[in-house]
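Values in this text are rule-based calculations from the coordinates and carry no lab data. These numbers come from a predicted model, not from an experiment. All Cβ positions, glycine included, derive from the backbone under ideal geometry; neighbour counts span all protein chains shown.
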Amino acid sequence: MTAHFEFVEGATSDLAFVAHAPTLDDLFAAASEALLAASVENPDAVASSEQQTLALEEPDLELLLLRFLNELVFLRDARGLLLRARHVRVSAGSPAHLEASLEGEPLDPGRHVLAADVKAATAHGLRVEREGEGFRASVTLDV
Amino acid sequence: MAAPASLRRVGEACFELDVGYRPGMRVPVRVFGSEKLVGEMDDQVFVQASNVATLPGIVEASFAMPDAHWGYGFPIGGVAAMDVETGVISPGGIGFDINCGMRLVRTSLQHAEVAPRLRELVDALAERVPAGVGARGFLRLDETEFAEVMRDGAQWAVRRGFGTPDDLARTESEGRFPDADPDAVSPAAIERGLAQVGTLGSGNHYLEIQIAHPEGIADPALARTFGIDQPDQVMVMFHCGSRGFGHQVATDFLHLFLRLMPTRFGLPVIDRELACAPFASDEGRRYYAAMCCAANMSFANRQVILHRIREVFADVFGRDAGELGIRSIYDVAHNTAKRERHRVGGVERELLVHRKGATRAFPPGHPELPPEYRETGQPVIIGGSMETGSWLLAGVASGAASFWSTAHGSGRTMSRTRARKLVRGRALQDQLAERGILVRAASMAGLAEEAGFAYKDVDEVAAATELAGLSRRVAHLVPIGNVKG
């Protein structure tokens, strides 16, 4: 299985996606790609001129994924940065940890075709679960 | 899409689910609306409203307004009053766009005067009131001044010259929630909010030029008192909130409460979006203080936008905004929690009233209303889709049944994803133009999501609030120009 995601029909006022990956590290990276694809229609046009690192701890994996995505939402809305996770290291457990290296560039309306204004990743229907040999995450975005 | 079989009618436009409907309910669920609207509500309204009924300290009932639909944790259109000693405060009961609300502004212009300049007017409004993803306002606030915004709300804006004391008198709580404490707000939320004052936002937020046609006036005397006193009068309505700032405040505390609920608070997590804290706890009080900061930022935002609207009209028509008769009718929130005094079982109590997608609607004679509206009752603004129009209403005495709360909008009937599949933004823009509604949208996909067919019938919602005794209709307002986020 290679990491991937798809947008799915969500509840009435939101946008939802499901990500699939062979490992938790790849699952979190795929979720960051989904968030980027929700924010701009041409995520491939997002260059890698900016790098950042992120370290987070939450009581469980699902809250960790929620926090991770909400950090990306914050960086876009407050600092105008379109970022994706290049490398993620997730430690499952209680609490769960994450270390991520992010890359991307400042939002440029001339080159980036803006899509949804994602205001938050939500806890609604949030799941991180095993799927065959890999993992699957379900996330709803508030737009 | 079906109401539960155990939902029973208890009034002409009031339905109830008993406390036995689900385990753990402390109060019944009370749903206001016509048989048609309640029958068409999505089943999650009943699930979510009954979840809310299990929250500690809830008083009287878990209410759903006639426009209720699925939300995060609480339904949108949900009202819950909590005892301030034993009850909880929940970000999901307020809405993540804290103090999302409506402002309605009158002008002395008539449709015929505006029609030839409509394109110029809508273009200028779209330029001067930034909308859409990443919109930044014309103000560059530093943290010191943003702290004033958080503390003083619209009163900060008027001090800065963006409006008049009369605007404040015609704003809920005079544009300032007094319990705000900037120290309760995270640095991340402040950073997110610094450039967002004076921006409309995206999603279902909009700024609309509307007409009050004589045939749409439901109560001529009230309409005149509110400032609708000419045929085909031009009005301006806008809908927006606390932008990313409010969202960050809500997200910060949602994460905090989810960590503390099973441990420190000993509260079960029924639905993570229903995260909450005892209102009397340090964390509960801190969220309330931060939420009031976001509410104040939103009041400031709408006040600054009104100022920009005055500038645009003055530029386009070459006359002073005062000469054009531009005056706020009212600014009212529909995503808040407020400490209020209500009579319950004949005893006056202080309650924390959560209104999520629900509008406060004080009746005639309420002591907190400004003198202008003491006899009429509070103006209530129900925004519809850009195709169907909106309503101005007023609070009524029988609204005590819902802790003085009524509907806020028309409520979605389908997902954004589905709406986008059914219509393209450009085609919708052309269709609307053919019907005389000029639309400027920051995003064509976003425009498609807001198509009229994705919403309930606003006329039905407004009529249902009257039937349920929550508010009374004053005037129907029809759009001719729309700036969409």
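Counted by neighbouring Cβ atoms within 10 Å, the residues A:101, B:410, A:94 run from fewest to most as A:94, A:101, B:410. Counting other Cβ atoms within 10 Å as a rough exposure proxy, the listed residues B:373, B:206 run B:373, B:206 from fewest neighbours to most. Using θ = phi - 60° and the Karplus curve 6.51 cos²θ - 1.76 cosθ + 1.60, what whole-Hz ³J(HN,Hα) does each residue of the range B:243-252 get, with Gly and Pro shown as x? Values, residue by residue: 6, x, 4, x, 4, 5, 4, 5, 5, 4 Hz. The GluC sites (Glu not before Pro) found in the range A:1-105 that occupy coil by DSSP, while having at most 16 further C-beta atoms within 10 Å, are A:9, A:41.
The loop-placed GluC sites (Glu not before Pro) in the range B:235-324, going by DSSP, that have at most 12 neighbouring Cβ atoms within 10 Å of their Cβ come out as B:323.
Scalar couplings 3J(HN,Hα) for the range B:415-430, obtained by applying the Karplus form with A = 6.51, B = -1.76, C = 1.60 to θ = phi - 60°, are 6, 4, 4, 5, 4, 5, 6, 8, 8, 9, x, 5, 5, 5, 4, 5 Hz; x denotes Gly and Pro.
The largest-to-smallest principal axis extents of the Cα set in the protein assembly as shown are 69, 57, 47 Å. The amide H of residue B:440, built 1.01 Å from its N in the peptide plane, has B:482, B:483, B:484 as neighbours under 5 Å, considering only residues 5 or more places off or on other chains.
A simple rule links phi to the HN-Hα coupling: the Karplus curve 6.51 cos²θ - 1.76 cosθ + 1.60 with θ = phi - 60°, which for the range B:9-19 gives 7, 10, x, 4, 9, 9, 10, 9, 10, 5, 5 Hz, with x for Gly and Pro. Using the rule -39500 (n - 2.57) for each DSSP H run of four or more residues, divided by the residues of chain B, the 222 nm mean residue ellipticity is -9500 deg cm²/dmol.
Seen against the Cα atoms of chain B and their longest principal axis, helix B:118-128 is set at about 60 degrees. Assign one of three labels to the range A:1-86, namely rounded, prolate or oblate, based on the Cα gyration tensor with a ≥ b ≥ c the square roots of its eigenvalues; rounded applies when a/c is under 1.5, prolate when it is not and a/b is larger than b/c, and oblate otherwise. It comes out rounded by the Cα gyration axes. The order of B:484, B:356, B:338, going from fewest to most other C-beta atoms within 10 Å of their C-beta, is B:338, B:484, B:356.
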